[in-house]
Amino acid sequence: MLDVRQNFPRFAALNIGQVVKAEFESKCCSNRIGPGKRIAVGVGSRGISNLKDIVAAVLKELRDRRAFPFIVPAMGSHGGATPEGQAHILATYGITPASMGVPFETTMETVVLGTTADGTAINFAAAAAKADGVFAINRIKPHTDFQGSLGSGLMKMMAIGFGKQTGAATYHAACSRLGHEHVIRQGARVILNSAPIAGGLAILENQLHDTADLVFLPPDTLEEEETKLLVRARSLMPKLPFKQIDLLIVDQIGKNISGAGMDPNVVGRAVLGYSSSLVAQPGPTPAISRIFVRGLTEASLGNAVGIGIADFTTTATVRSIDLRITYLNALTSLSVQTAKLPIHYDTDREVIERALQSLALENPASARVVQIRDTLSLEAMRISSVYAPELSTRDDLTPVGPECEMSFDTGGYLAPVNGSHQ
């Protein structure tokens with residue numbers, strides 16, 4: 001094995017407060033934001049870099065306009081679909097009533113704002129619907145469940161995140177019949193016309209999971225501008241640097257990493273089914289034959305949605321799963337495959353031995369193995385020496401140490417990549 005660094009472009013760090021202030025000053029013209037207005041600020045469950053600072057900067061701008069902001073968790077069924085669970089997720093990011101200096105409205109109650117032309121009921125958080133204005137904060141990135149000109153972002157947050165568990169279940173059912181992008185666009189349009197939407201802040205992240213840009217989107221141009229931003233977001237996504245991988249070892253998956261636990265845009269496996277054929281198949285790259293997930297992030301609170309995308313895991317990981325929360329999320333999103341349990345053994349060593357055996361390689365030592373922290377963290381990785389000959393011809397990968405045998409501790413566990421935890 002060999003530790004390498006993937007050489008991504010470097011960006012100057014943003015001054016979050018200054019950028020948010022400039023965006024508000026140049027683009028905030030809604031009469032829904034002003035003296036005495038109660039503004040519901042939607043914050044989701046994703047592990048967005050600098051989320052606490054971004055939310056604080058938005059709250060400051062609203063207060064500077066003498067508005068009265070409050071936070072509404074806009075995360076569908078996450079957190080076990082309970083007020084306490086959703087508040088706890090935000091607390092793991094340092095976002096609490098005390099740290100933000102504003103009240104939280106965490107009720108799961110919704111109201112129906114109307115229906116789409118296809119007959120889909122539009123559920124919306126009751127606390128937000130009663131506000132004078134609604135402001136969404138979310139990262140723009142390609143969606144985990146479908147490919148299109150719309151991804152995960154402000155429109156999805158308005159349609160599904162603010163829909164709470166009831167709305168999320170309704171949307172996913174409609175998506176299964178009519179298509180994700182169609183349903184989300186139609187639902188968000190109803191909300192933009194019926195709810196007091198005052199705008200949103202779109203977050204773009206670069207390949208290093210750092211904040212690349214912050215953009216204020218007014219309600220009247222939100223759909224058009226978000227579509228443009230998705231093109232930028234797609235170009236900024238990190239990728240695995242090889243076309244073929246026999247065994248991908250992922251130290252951790254979780255809802256704070258991706259809605260699918262690990263991003264299908266990175267691993268090339270769809271949440272609604274995939275092939276782990278040993279024969280190369282047409283489709284997205286990399287072609288990964290086996291995936292081994294070593295653990296869940298602490299912030300996932302036992303939600304193991306995405307574990308079903310893997311082929312192998314450990315017994316300890318299985319024991320750490322909260323089945324109630326995982327099943328609720330999988331059933332709400334109608335992605336039941338993501339909650340299936342992979343083959344599991346007690347130690348990393350045994351999992352890797354079994355996974356390599358399942359590849360039917362003539363020489364297991366020649367296996368193309370890649371170990372990563374998670375699908376958001378692709379700068380540092382550990383690769384098998386079979387890839388070493390091509391490093392001299394690539395300027396996107398740099399070795400950061402000598403080759404060494406894959407090593408395990410006395411308990412049979414691998415050392416994680418870049419300080420990640422089990």
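What follows is calculated from the coordinates using simple rules that are stated; it is not laboratory data. As the structure is a computational prediction, the values presented were derived from the model and not from experiment. Neighbour counts are summed over all protein chains in view; Cβ atoms, including those assigned to glycine, are modelled from backbone coordinates with ideal geometry.
Looking at segment 238-399, what % of its DSSP beta bridges pair antiparallel, to the nearest 5?
Values: 5 of 21 bridges.
Counting only bridges with both partners in segment 238-399, antiparallel ones make up about 25 percent.
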For the chain, what is the percent of antiparallel DSSP beta bridges, rounded to the nearest 5? 40 percent
For the charge dipole of the chain, defined by +1 on Lys and Arg C-beta atoms and -1 on Asp and Glu C-beta atoms about the Cα centroid, which residue among L204, A87, P9 has the Cα displaced farthest towards the positive pole? A87
Per DSSP H run of n ≥ 4, the term is -39500 (n - 2.57); total these for the chain, divide by its residue number, and report the mean residue ellipticity at 222 nm rounded to 500 deg cm²/dmol. -8000 deg cm²/dmol
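Using a simple charge model, +1 on the beta-carbon of Lys and Arg, -1 on the beta-carbon of Asp and Glu, nothing else, what dipole does segment 31-91 show about its Cα centre, in debye to the nearest 20? All intermediate terms of the calculation are to be shown ahead of the outcome.
Values: 9 positive and 4 negative charges, 65 e Å.
Around 320 debye, computed over segment 31-91.
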Which FRET efficiency value, to the nearest 0.05, do you get for Y327 and S26 by plugging their Cβ-Cβ distance into 1/(1 + (r/R0)^6) with R0 = 56 Å? 0.75
Inter-centroid distance (Cα atoms) of segment 184-207 relative to segment 323-370, Å: 36 Å
Which loop trypsin sites (Lys or Arg not before Pro) in segment 297-353, with loop taken from DSSP, have no more than 16 other Cβ atoms within 10 angstrom of their Cβ? K340
For the chain, build the charge dipole from Cβ charges (+1 Lys, Arg; -1 Asp, Glu) around the Cα centre, then report which of A299, I71, S99 sits farthest towards its positive end. I71
So for segment 238-399, taking the charge dipole from beta-carbon charges (+1 Lys/Arg, -1 Asp/Glu), which of N363, V318, A339 sits furthest toward the positive end? A339
Residues in segment 119-152 that a label on S176 would reach, taking backbone N under 19 Å of a point 7 Å out along Cα→Cβ: 119-123, 144-147
The FRET efficiency for K60 and S366, from their Cβ-Cβ distance with R0 = 56 Å and rounded to 0.05, is 0.50
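What does the charge add up to near N256, with Lys and Arg as +1, Asp and Glu as -1, over the other residues with Cβ less than 11 Å from its Cβ?
On the way: positive: R46, K255; negative: E298, D374.
Computed value for this residue: 0.
Rounded to the nearest 20 debye, what is the charge dipole size of the chain about its Cα centre when +1 sits on each Lys and Arg Cβ and -1 on each Asp and Glu Cβ? Walk me through the intermediate numbers first.
Details: 39 positive and 40 negative charges, 209 e Å.
With Lys and Arg at +1 and Asp and Glu at -1, about 1000 debye.
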Using the C-alpha atoms of segment 87-174, what convex hull volume per residue, in cubic angstrom, is computed? 124 Å³
Label-point separation, T82 to D53 (7 Å along Cα→Cβ), nm: 3.4 nm
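Using only C-alpha atoms and all pairs of different ones, pull out the Kirkwood radius for segment 8-236 in Å with one decimal. Walk me through the intermediate numbers first.
On the way: mean 1/r = 0.0577 Å⁻¹.
Over segment 8-236, the inverse of the mean reciprocal pair distance is 17.3 Å.
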What's the FRET efficiency of L334 with D210 using the Cβ-Cβ distance as r and R₀ = 25 Å, to the nearest 0.05? 0.15
Stretch gain in nm, segment A117-I343, where the contour uses 0.36 nm per residue and the Cα spacing is subtracted: 76.9 nm
What longest range of the chain stays clear of loop-exposed GluC sites (Glu not before Pro) (DSSP non-H/G/I/E/B, at most 14 other C-beta within 10 angstrom)? 110-361
Express the C-alpha Rg of segment 238-399 as a ratio against the empirical globular expectation 2.2 N^0.38 Å, rounded to two decimals. 1.01
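By how many nm would the segment from Q357 to N418 grow when fully extended, if each residue of separation counts as 0.36 nm and the alpha-carbon distance is taken off?
Details: separation 61, 0.36 × 61 = 21.96 nm, distance 2.72 nm.
Fully extending the segment from Q357 to N418 adds 19.2 nm.
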Only Lys, Arg (+1) and Asp, Glu (-1) charged, at Cβ; segment 8-236 dipole about Cα centre in debye: 180 debye
As a percent rounded to 5, the proportion of antiparallel DSSP bridges among beta bridges in segment 179-327 is 45 percent
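Taking Cα pairs under 8 Å and at least six residues apart, what relative contact order does segment 238-399 come out at, in percent? Numbers along the way, then the final one.
Details: 299 pairs, mean separation 44.8, N = 162.
Worked out over segment 238-399, it gives 28 percent.
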Descending semi-axes in Å of the chain, equivalent ellipsoid built from Cα gyration tensor: 39, 23, 19
